[in-house]
Amino acid sequence: MRFNKNSIRMKLWKYFVTFAMITLVLLWTLQTVFLQNFYNRMQLKSVRKAADEIAENIESDSTFRFIDRIAYENSMQIILTDMEGNILYRADEYSPAYQEDQNPYKENSMKNWQIGMYRNLPEDYSSFMQSLCESADGTITYELASDTGSANLIYGEAVQCFGETLALYMNTPVGAVQPTVKILREMLLIVTGMLLLIGFALAYFFARRFSEPVSAISAKAREMAGGLGSIAFKKGFCDELDELSDTLEETAQSLAKLENARRELLANVTHDLKTPLTLISGYAEKIEDLSWEEREESRKDAEIIKRESKRLTLLVNDILDYSVLQNGSVSFDFQPVNISKLAHKILTQFHVICDRQNLVLERQIEPDLFVMADGQRLSQVFYNLIVNAVTHIGGDRVIGLKVCQNGKAVRAQVYDHGKGIAPADIPHIWDRYFTSRERKRSENGTGLGLSIVKEILNAHAAQYGVVSREGEGSCFWFELRLYDSAE
């Protein structure tokens with residue numbers, strides 16, 4: 001074992017050893033220091049229980065046999081007298097061996113009790129009776145020392161029998177347990193030595209047993225941090241470590257996906273930046289070297305430079321928007337928004353594009369529908385969905401926007417009649433820079449539009465999705481809760 005005081009192996013070993021030491025200290029304390037007190041309490045409990053049983057059966061026909069059994073089973077002396085000290089019945093641990101004619105205090109009927117013929121009462125009986133008569137609850141308990149050094153526990157109780165108060169005297173030995181303690185100490189010395197040896201061995205075994213899978217997980221985690229991707233963890237020791245292994249495996253898979261996404265993002269951004277930068281650089285050189293004297297040619301080249309500059313600006317803005325949305329660093333200003341007016345306002349921005357490209361823009365917008373939303377971000381959702389529809393428009397050159405009430409929600413739909421989306425690609429279209437075979441990214445797009453839409457709608461707790469059939473077109477939709485001013 002490597003004695004690293006901060007290692008899990010060393011800490012577990014210390015905990016097991018400490019537990020063994022505490023157990024031994026408690027065992028020594030309870031078995032040697034408190035044994036006498038514990039023994040006395042148990043004896044008192046046993047006597048009180050026996051007294052309760054006698055009081056419950058005092059008026060039965062088998063009272064004498066019952067008292068004999070109690071005296072025999074508990075090794076005690078039991079005397080039943082009236083309140084003047086006349087013996088009514090007496091029993092001890094030998095009473096069951098008496099014959100009927102040998103016990104002068106045994107009668108067949110409680111109603112015909114006779115005064116005992118022998119006044120052989122204990123020496124302390126007079127003080128016993130006095131204390132019992134003065135007792136508030138009708139019970140007394142005390143210890144009586146003998147000449148031999150031993151002690152007896154005396155318990156007295158006033159019981160009722162056929163309307164008469166009787167005194168129940170019970171005497172049981174509570175001898176010193178010191179000889180027993182001496183024997184226990186010798187045994188405990190042997191047990192302590194054995195427990196220490198076994199405890200140290202078990203502590204070492206369990207510490208090593210627990211630390212090995214943790215060390216293995218740590219080693220695998222270091223491999224995972226080194227970029228090895230998915231890592232197989234050894235399982236089966238305990239559920240908690242298996243759960244940790246599963247979590248690390250999921251983390252490894254997530255990191256691998258994240259790394260692939262990072263590489264894909266870098267490749268796509270590099271590609272998207274390279275093309276406009278090349279065009280800008282090339283046409284700038286052309287203007288400088290060739291076409292600066294030809295006004296019309298220079299104008300066309302400058303238009304290309306302006307177009308590519310706008311494309312770069314759009315790409316950078318989308319990357320920044322997506323970054324802040326995904327990191328949660330953007331704050332939303334939620335207010336009641338008239339989504340109907342907002343939809344009409346967004347559509348007016350596409351009139352010029354529709355005229356230039358000969359597009360048909362259909363609209364079905366119910367008036368004055370309100371939702372709780374960030375108006376600026378909601379405008380961005382409409383704009384990106386309409387741009388996506390224009391990019392993938394079909395041969396009929398028709399796109400449409402529909403806003404209507406759907407129960408307690410407002411449903412917005414943007415549709416086109418293009419080629420549609422393959423079923424296998426639908427779950428991935430919200431991913432950044434995803435490009436299906438049928439839906440190539442437009443040279444005017446950035447590949448982040450739908451990803452931005454997803455982040456904004458998630459922030460609004462909106463329901464959203466797409467319905468698409470290949471060859472028939474696509475319909476992107478989202479729903480927001482209808483705002484009720486009364487609420």
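Points worth noting:
- Computed accessible area, residue 133, all protein chains, 1.4 angstrom probe, square angstrom: 90
- The accessible area of residue 44, taken with all protein chains in place and a 1.4 Å probe, comes to roughly 40 Å².
- Note on surface exposure: 350, 200, 332 rank 200, 332, 350 by accessible area, highest first, 1.4 Å probe.
- Residue 52 versus residue 458: modelled label distance in nm, points set 7 Å from Cα along the beta carbon direction: 6.7
- Sorting 333, 137 on solvent-accessible area from highest to lowest, probe radius 1.4 Å, gives 137, 333.
- Residue 126 contributes an accessible area of around 90 Å² to the protein surface, as traced by a 1.4 Å probe with all chains present.
- Residue 251-residue 355 pseudo-label distance in nm [points 7 Å out on the Cα-to-Cβ vector]: 5.9
- Residue 28 versus residue 431: modelled label distance in nm, points set 7 Å from Cα along the beta carbon direction: 6.7
- Largest-first ordering by accessible area, 1.4 Å probe, given options 342, 121: 121, 342
The values are calculated or read from the model by the stated rules, or taken from the named source; none is laboratory data. What you are looking at is a predicted structure, and each value in this text was computed from that prediction instead of being measured. Every residue, glycine as well, gets a Cβ built from its backbone with ideal geometry; the counts of neighbours run over all protein chains shown. Accessible surface areas use protein heavy atoms only, side chains included; no ligands, DNA or RNA. Shrake-Rupley method; radii C 1.70, N 1.55, O 1.52, S 1.80 Å.
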